[in-house]
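S.K.: Dropping the structure in here first, questions after.
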Amino acid sequence: MHEQITHPCVQHKLALIRDINTGHKEFRELATEITMFVCYEALKSISVKEVEVETPVSKTKCHKIDKDIVVIPILRAGVGMLDGILSLVPSARVGFVGLYRDEETKEPVTYYERMPQQIREGICIVIDPMLATGGSTVAAIDLLKSQGARNIVVVCIVTCPEGIERVEKAHPDVRIYAASIDQGLNEKKYIVPGLGDAGDRLFGTS
Ligand code: PRP
Ligand code: URA
């Protein structure tokens, strides 16, 4: 299952973040804002438990999220989405997976991982601004599942049909949410029109 968030506020911010003239400060702010919107949608169907709350006026039944939420940014660019999701779910735990895409093979190379044990029973939200060939996301999900994770959601800013297809083929149980599903990949496996190299644009490297 995948879903594109078509809300006008998201589309407006996408126009700004895609712009080649947007500098790293504004790019980071936009990544945070877009992440909040997309995560808000991605979390709409998570389970809640009934609790009783006493207001100054009376007792009432309310609902609270009943599972641990573990956010997993794919290093490095995924870190640019962390503030956005943590402002929505401040009590979330955070696991890290370090992956980079080999320039020659375009396949992911894992260089770091550290997960909280709550990945097994909780809801794991993998964040990475770019889901391009899908190699990095599939590798992150493989790692999570090998450590017992069963409930995994992917949130990205921009993706494309090739990446979605690869993730859904490998992991049909995983839901993908994106601000945009773009046209496709170019010969360098960059998303078109995309927004360029998300890590470089977030952190001011090139
Ligand atoms: C980018 C991006 C994803 C990956 C997407 O990371 O942040 O992790 O590429 O490509 P894929 O879907 O084809 O695997 P990159 O390898 O540039 O590393 P960085 O985050 O350190 O910049
Ligand atoms: N990684 C990026 O940062 N951008 C792309 O378009 C593809 C992979």
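S.K.: Identify all residues within segment 93-110 that are within 17 Å of Ile72 (Cα to Cα) and at pLDDT below 95; write none if there are none.
M.R.: Leu99, Tyr100, Pro108, Val109, Thr110
S.K.: Could I ask something else about it? Can you give me the number of residues within segment 124-181 that are acidic (Asp, Glu) and part of a helix (DSSP H, G or I)?
M.R.: 4
S.K.: Next question, about the same structure. Which of the residues that make up segment 169-179 are open to solvent by 50 Å² or more (accessible area, probe 1.4 Å) and touching a residue at least 60 places away in the same chain (Cβ under 8 Å)?
M.R.: Within segment 169-179, Arg175 is the sole residue that qualifies.
S.K.: Same structure again: Go through segment 182-204 and report how many residues are in contact with a strand residue (DSSP E or B) (Cβ under 7 Å, 6 or more places away or on another chain), in contact (Cβ under 8 Å) with a residue 12 or more places away in the chain and either near ligand 2 (Cβ under 9 Å from one of its atoms) or part of a loop (DSSP other than H, G, I, E, B) (or both).
M.R.: From segment 182-204, those in contact with a strand residue (DSSP E or B) (Cβ under 7 Å, 6 or more places away or on another chain) are 182-186, 191-192, 194-195, 198; that's our starting set.
Remaining after also requiring in contact (Cβ under 8 Å) with a residue 12 or more places away in the chain: 182-185, 191-192, 194-195, 198.
From what's left, either near ligand 2 (Cβ under 9 Å from one of its atoms) or part of a loop (DSSP other than H, G, I, E, B) (or both): 182-183, 185, 191-192, 194-195, 198.
Of the residues in segment 182-204, 8 are in contact with a strand residue (DSSP E or B) (Cβ under 7 Å, 6 or more places away or on another chain), in contact (Cβ under 8 Å) with a residue 12 or more places away in the chain and either near ligand 2 (Cβ under 9 Å from one of its atoms) or part of a loop (DSSP other than H, G, I, E, B) (or both).
S.K.: Now, a different point. Given the criteria within 11 Å of ligand 1 (Cβ to nearest atom), farther than 22 Å from Leu82 by Cβ and free of Cβ contacts under 8 Å to residues at least 12 places away in the same chain, does Thr105 qualify?
M.R.: Criteria met by Thr105.
S.K.: Right, here's the next one. Of all residues in segment 112-133 being open to solvent by 70 Å² or more (accessible area, probe 1.4 Å) and either free of Cβ contacts under 8 Å to residues at least 24 places away in the same chain or charged (D, E, K, R) (or both), which is nearest to ligand 2 (Cβ to nearest atom)?
M.R.: The qualifying residue nearest to ligand 2 (Cβ to nearest atom) is Glu113.
S.K.: Does any residue of segment 82-97 turn out to be open to solvent by 20 Å² or more (accessible area, probe 1.4 Å), within 16 Å of ligand 2 (Cβ to nearest atom) and in contact (Cβ under 8 Å) with a residue 24 or more places away in the chain?
M.R.: No, because not a single residue in segment 82-97 is open to solvent by 20 Å² or more (accessible area, probe 1.4 Å), within 16 Å of ligand 2 (Cβ to nearest atom) and in contact (Cβ under 8 Å) with a residue 24 or more places away in the chain.
S.K.: Tally the residues that are under 21 Å from Gly134 (Cβ atoms) and touching a Lys or Arg at 6+ places or on another chain (Cβ under 9 Å), restricting the search to segment 71-98.
M.R.: 7
The values are calculated or read from the model by the stated rules, or taken from the named source; none is laboratory data. What you see is a predicted model; the values in this text were computed from it and never measured. Don't worry about glycine lacking a Cβ; one is built from the backbone with ideal geometry, like all the others, and counts go over all protein chains shown. Protein only, heavy atoms only, side chains kept; ligands, DNA and RNA dropped before computing areas. Shrake-Rupley method; radii C 1.70, N 1.55, O 1.52, S 1.80 Å.
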